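Scroll down for the structure; my scribbles are underneath it.
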Amino acid sequence: MSDEGVSTTPDRDQLIATLQALIASNQAQLDARDRVIAMLRAQLARLRRMTFGASSEKLAREIAQLELALEEVEAEAVTVDAWTPDIATRPERPSPVRALPPHLPRDEVVHEPATGTCACPSCGGELRRLGADADELLDVVPVSWRVVRNIRPKYSCRACEAIVQAPAPPKPIARGKATFGTLAHVVVAKFDHHLPLYRQAEMMAAQGLDIDRSTLAGWAAQAAHLLDPIVRRIREEGVKAAKIHADDTPVKVLEPGRGKTAIGRLWAYVVDDRASGATTPPLAWYAFSANRAGIHPRRELAGFTGFLQADAYSGFSAIYADGRITEVACWAHFRRELFERHKQQPTALSTDLLDRIGALYTIEAQIRGQAADIRRRIRQQRSKPLLEALRVALDDALRRLSPRSEMARACLYGRKRWIAFTRFLDDGRLEIDNNIAERAIRPIAIGRKNWLFAGSQAGGERAAVIYSVIETAKMNGIEPQAYIADVIARIGNYILDVERWRARVGDRRKRPDVRSYQSYLYRRRQGARASGKRELARGSVLPPLWRVRERPSAAR
């Protein structure tokens with residue numbers, strides 16, 4: 001028995017070692033599976049929140065505090081009873097006076113007594129007017145269409161038989177039936193009010209206008225063609241700035257001949273320094289690309305030198321390589337990374353980190369709109385110590401967390417880019433995040449839910465042109481439709497004047513420059529003054545923002 005026991009000992013030890021190795025292997029597989037499950041759960045929670053959740057990243061306890069405060073306010077408020085005809089039985093309650101905008105037209109409707117205005121219904125005496133009670137109500141008039149009939153009378157000279165007639169006014173589309181205002185209405189309705197062209201065609205059909213969707217698409221294309229010089233000018237001014245915000249968003253593009261859609265990108269580049277007290281007008285321009293390759297932002301920012309506030313997209317890395325453009329990271333993206341993990345599994349660490357970032361945003365809200373030097377001084381005094389403490393907390397968390405955990409990845413996202421994240425401390429012109437560009441992207445995200453996809457790459461480029469003008473106008477407090485209608489009419493007049501000048505010069509092959517054309521306009525005005533005639537090219541020389549700096553032939 002003893003010999004058998006001694007002989008079986010190595011077998012038993014080998015079996016134990018084999019089982020232990022098997023247990024360790026299974027445990028490693030279980031750990032790997034748990035990590036995959038945790039990662040998939042995090043991705044699923046993120047996708048669910050992107051689809052169904054609120055866009056705000058406030059903590060639940062902060063929302064609860066706001067709800068409690070709202071309940072207290074509502075408890076103190078007086079409940080408004082339902083309206084009843086017996087007004088005399090209800091106590092009078094002062095209502096806030098909210099006047100309607102004074103620029104709206106007023107249609108006065110006078111309501112006279114049913115018994116007349118001459119004799120008193122009680123005693124028959126003569127009535128005299130004491131005053132009037134006026135009450136204003138907001139009314140709406142549906143979009144009304146009209147036909148502009150251009151009539152050009154012809155006159156003949158009895159002495160020399162010459163025929164005199166005014167030149168034909170410019171048309172946005174040759175042999176077309178739409179005015180410049182109509183083109184502006186169509187593009188603003190689609191790209192600002194998010195009404196697809198087929199819905200606009202249905203609304204026109206309801207008023208007896210049978211206009212095909214393809215016709216509306218042609219109108220939008222011509223409007224984008226006329227607005228192209230404006231966008232080029234906007235970009236020229238934008239790359240002169242010291243700071244640009246950039247972001248991009250996916251857009252579906254129809255592939256010709258395949259009936260399928262590909263994913264293109266719309267890039268937004270925004271210059272807006274109003275938060276640092278600057279008075280320079282803000283602007284935004286957009287660019288379309290068939291993919292997300294880094295060559296596209298490099299091409300758009302070829303002449304730019306300064307700070308670029310953007311996300312951590314790897315395509316921007318080549319832009320920062322030569323030192324001409326300096327990276328400024330976005331704290332909103334870092335906060336979003338932490339919030340996604342907190343939403344999935346709240347911990348003391350995630351709550352603490354979000355609270356620390358929230359303190360930074362509180363300071364930014366207090367200094368928004370102040371001068372750049374004041375912002376820098378306050379950031380150095382108040383934000384810098386908070387960032388130092390946050391860096392220590394991140395380093396401590398990374399030492400304790402598993403490198404493969406989702407929370408460690410979120411912390412590492414901010415720690416690896418710490419220099420770019422803290423760059424806003426040393427320059428008051430910089431922002432803590434890239435929300436300026438994200439706000440410029442938002443109209444595209446809303447619009448693509450309605451018009452779904454761009455018909456082609458050319459359609460994506462036209463959308464970028466129109467978005468550039470609309471968003472820049474809105475950022476400057478200008479009504480987009482009125483601006484677009486005015487500016488494309490000016491550009492149309494400019495093109496028409498160039499064509500008339502070419503016809504008068506007689507050499508259509510020659511491509512004259514703007515200086516020669518302007519000298520022609522000067523001689524034309526001098527001749528008009530000498531003959532006493534008012535023959536002046538309306539809008540022939542555009543204001544500086546609208547001036548087409550290329551040769552006139554390029555505007556065709």
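The values are calculated or read from the model by the stated rules, or taken from the named source; none is laboratory data. Since we're looking at a predicted model, the values are computed, not measured. Because the Cβ atoms are built from the backbone with ideal geometry, glycine has one as well, and the counts that use them run over all protein chains shown.
Of the conditions (1) at pLDDT 85 or above; (2) surrounded by 10 or more Cβ atoms within 10 Å (Cβ to Cβ); (3) more than 28 Å from T179 (Cβ to Cβ), C120 satisfies every one except a single condition; which number is it?
(1)
For the condition of a type outside the set (G, A, S), assigned to a loop (DSSP other than H, G, I, E, B), closer than 30 Å to I484 by Cβ and modelled with pLDDT under 80, what is the one hit in P170, P142, P102? Reasoning before the result, please.
Details: P170 fails: modelled with pLDDT under 80; P102 fails: modelled with pLDDT under 80.
Result of the check over P170, P142, P102: P142.
Taking the condition modelled with pLDDT under 95 and under 16 Å from A437 (Cβ atoms), does A284 pass?
Details: modelled with pLDDT under 95: no; under 16 Å from A437 (Cβ atoms): yes.
So A284 does not fit the description; no.
Give segment 400-441 a look and list any residue that's under 30 Å from the mean Cα position of the chain (by Cα) and not in a helix (DSSP H, G or I), or say none.
Within segment 400-441, R417, T422, D427, G428, R429, L430, E431, I432, D433, N434 qualify.
I'd like the residue in segment 231-250 that is part of a loop (DSSP other than H, G, I, E, B) and touching a Phe, Trp or Tyr at 6+ places or on another chain (Cβ under 7 Å) and, out of all such residues, is nearest to K177 (Cα to Cα). Can you show your working first?
Here is the first cut: in segment 231-250, the ones part of a loop (DSSP other than H, G, I, E, B) are 239-242.
Now drop any that are not touching a Phe, Trp or Tyr at 6+ places or on another chain (Cβ under 7 Å), which leaves 239, 242.
Values: V239: 38, A242: 45 Å.
Checking each candidate, the answer is V239.
Can we say L338 is within 27 Å of I444 (Cβ to Cβ), in a strand (DSSP E or B) and in contact (Cβ under 8 Å) with a residue 40 or more places away in the chain? Write out each step before concluding.
Working: within 27 Å of I444 (Cβ to Cβ): yes; in a strand (DSSP E or B): no; in contact (Cβ under 8 Å) with a residue 40 or more places away in the chain: yes.
In short, no.
Look through segment 444-456, keep the residues that are assigned to a helix (DSSP H, G or I) and modelled with pLDDT under 80, and return whichever of them is farthest from N291 (Cα to Cα).
Let us first name the residues in segment 444-456 that are assigned to a helix (DSSP H, G or I), namely 444-451.
With modelled with pLDDT under 80 added as a condition, the list becomes 447-451.
Values: G447: 20, R448: 17, K449: 20, N450: 22, W451: 20 Å.
Applying the filter and picking the extreme gives N450.
Please determine, by comparing only the residues of segment 163-175 that are farther than 16 Å from V498 by Cβ and over 31 Å from the mean Cα position of the chain (by Cα), which one is surrounded by the most Cβ atoms within 10 Å (Cβ to Cβ).
Step one: of segment 163-175, the residues farther than 16 Å from V498 by Cβ are 163-166, 173, 175.
With the extra rule that they be over 31 Å from the mean Cα position of the chain (by Cα), the set shrinks to 163-166, 175.
Working: I163: 8, V164: 9, Q165: 10, A166: 12, R175: 5.
By that ranking, first place goes to A166.
For segment 316-335, state whether one or more residues are β-branched (V, I, T) and touching a Pro at 6+ places or on another chain (Cβ under 8 Å).
Yes; the residues of segment 316-335 include at least one that is β-branched (V, I, T) and touching a Pro at 6+ places or on another chain (Cβ under 8 Å).
For R391, only one of the following conditions fails: (1) more than 17 Å from E438 (Cβ to Cβ); (2) in a loop (DSSP other than H, G, I, E, B). What is its number?
So the condition that R391 fails would be (2).
Got a sec? Which of A262, A287, A275, A310 is closer than 17 Å to N476 by Cα, surrounded by 14 or more Cβ atoms within 10 Å (Cβ to Cβ), touching a residue at least 24 places away in the same chain (Cβ under 8 Å) and not basic (K, R)? Steps first, answer last, please.
Details: A262 fails: closer than 17 Å to N476 by Cα; A287 fails: closer than 17 Å to N476 by Cα; A310 fails: closer than 17 Å to N476 by Cα.
Checking each option against the conditions leaves just A275.
A quick yes/no check of all residues on (1) part of a helix (DSSP H, G or I); (2) closer than 19 Å to W285 by Cβ:
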{"residue": "V164", "(1), (2)": "no, no"}
{"residue": "G181", "(1), (2)": "yes, no"}
{"residue": "D210", "(1), (2)": "no, no"}
{"residue": "A217", "(1), (2)": "yes, no"}
{"residue": "P229", "(1), (2)": "yes, yes"}
{"residue": "K252", "(1), (2)": "no, no"}
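Given the options R417, R439, R490, R508, name the one that is surrounded by fewer than 16 Cβ atoms within 10 Å (Cβ to Cβ), basic (K, R) and either on the phi > 0 side of the Ramachandran plot or at pLDDT below 95 (or both).
R508
Cβ contacts < 8 Å: first residue touching a residue at least 40 places away in the same chain (Cβ under 8 Å), restricted to segment 377-391; second residue among the aliphatic types (A, V, I, L, M), any location; separation 6+ or different chain. Result?
Note: pairs meeting the criteria are R379/I363; R379/I367; R379/L425; Q380/L425; S383/L360; S383/I363; S383/L425; K384/L425.
For the subset of segment 290-303 comprising residues that are in a loop (DSSP other than H, G, I, E, B) and in contact with a helix residue (DSSP H, G or I) (Cβ under 8 Å, 6 or more places away or on another chain), which member is surrounded by the most Cβ atoms within 10 Å (Cβ to Cβ)?
L301
State whether one or more residues within segment 346-361 are in contact (Cβ under 8 Å) with a residue 24 or more places away in the chain, in the same structural domain as D248 (by TED's automatic domain parsing), farther than 21 Å from A242 by Cβ and in contact with a His (Cβ under 6 Å, 6 or more places away or on another chain).
No, that holds for no residue.
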